[in-house]
Amino acid sequence: MKRGVLVVIAALFFTTMFSSCGYNSMVNLDENVKTKWNQVETQYQRRSDLIPNLVSTVKGAAKFEQSTLTAVVEARSKASQIKVNPDDLSPESIEKFQAAQGQIGQALSRLMVLTENYPELKATQQFSDLSVQLEGTENRIAVARKDFNDAVQAYNVKVRSFPNNLTAGMFGFKQKAGFKAEAGAENAPKVEF
């Protein structure tokens, strides 16, 4: 009889202990990080999809530096080749992805500044529409990156907090990397004509 009572008490103890170990909440937070990462990729893909239309519109309306258009196309091509596995959001993979996307941003900035010299280009409805879409996409990217960083922070706090860090270690939950400001982001871009 005593043995049966001890088994029931032990079962209750282990059930209570593992119900508060945080495993399920870590899984939930991990999936949230992956979902937010997918949103980041979706917004970057949207920007990437807009670039060919923008380049062909500018090319058709303005006869200027081919090198700027080439830089935009090349940056888009390089960035589209970099894929990050949502299960491996390491600082290195995020940094590599961010660097490639930063090159697109820089090339687009130069393109937009150079188009200031072409009032007939700015007057076309197609260019105006594309510029608005691109600006909206850049805002969506900023929001998606913020949401991703918030999700990463919540996840990292969970897996680093005691006693969840014990469970995280047992089941392989590791810290994830978020986006950081790009080097030199505090300086305005230099555009030379």
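Apply 1/(1 + (r/R0)^6) to the Cβ-Cβ distance of VAL113 and SER90, taking R0 = 30 Å, and write down the FRET efficiency to the nearest 0.05. Present the calculation step by step, with values, prior to reporting the outcome.
Working: r = 35 Å, r/R0 = 1.15.
Computed FRET efficiency for VAL113 and SER90: 0.30.
Cross-link list LYS78/LYS146; LYS36/LYS146; LYS36/LYS78; LYS36/LYS83; LYS146/LYS174: which exceed 18 angstrom alpha carbon to alpha carbon?
On the way: LYS78/LYS146 24 Å; LYS36/LYS146 9 Å; LYS36/LYS78 23 Å; LYS36/LYS83 15 Å; LYS146/LYS174 20 Å.
Distance filter (> 18 Å) returns LYS78/LYS146; LYS36/LYS78; LYS146/LYS174.
Can you pull the one-decimal nm distance between simple spin-label points at GLN125 and SER56, each 7 Å off the Cα toward Cβ?
1.8
If a paramagnetic tag sat 7 Å from the Cα of VAL73 along the Cα-Cβ line, which residues of the stretch 39-57 would have the backbone N under 18 Å from that point?
48-57
For the pair LEU166 and GLU31, what calculated FRET efficiency results from E = 1/(1 + (r/R0)^6), where r is the Cβ-Cβ distance and R0 = 22 Å, to the nearest 0.05? Before the final figure, lay out the partial values.
Details: r = 21 Å, r/R0 = 0.96.
Rounded to the nearest 0.05, the efficiency is 0.55.
Since every read-out is calculated from the coordinates, none of them should be taken as a lab result. Note that the coordinates shown come from a computational prediction; the quantities given were computed from them, not determined experimentally. Here Cβ is always computed from backbone atoms with ideal geometry, including for glycine, and neighbour counts include all displayed protein chains.
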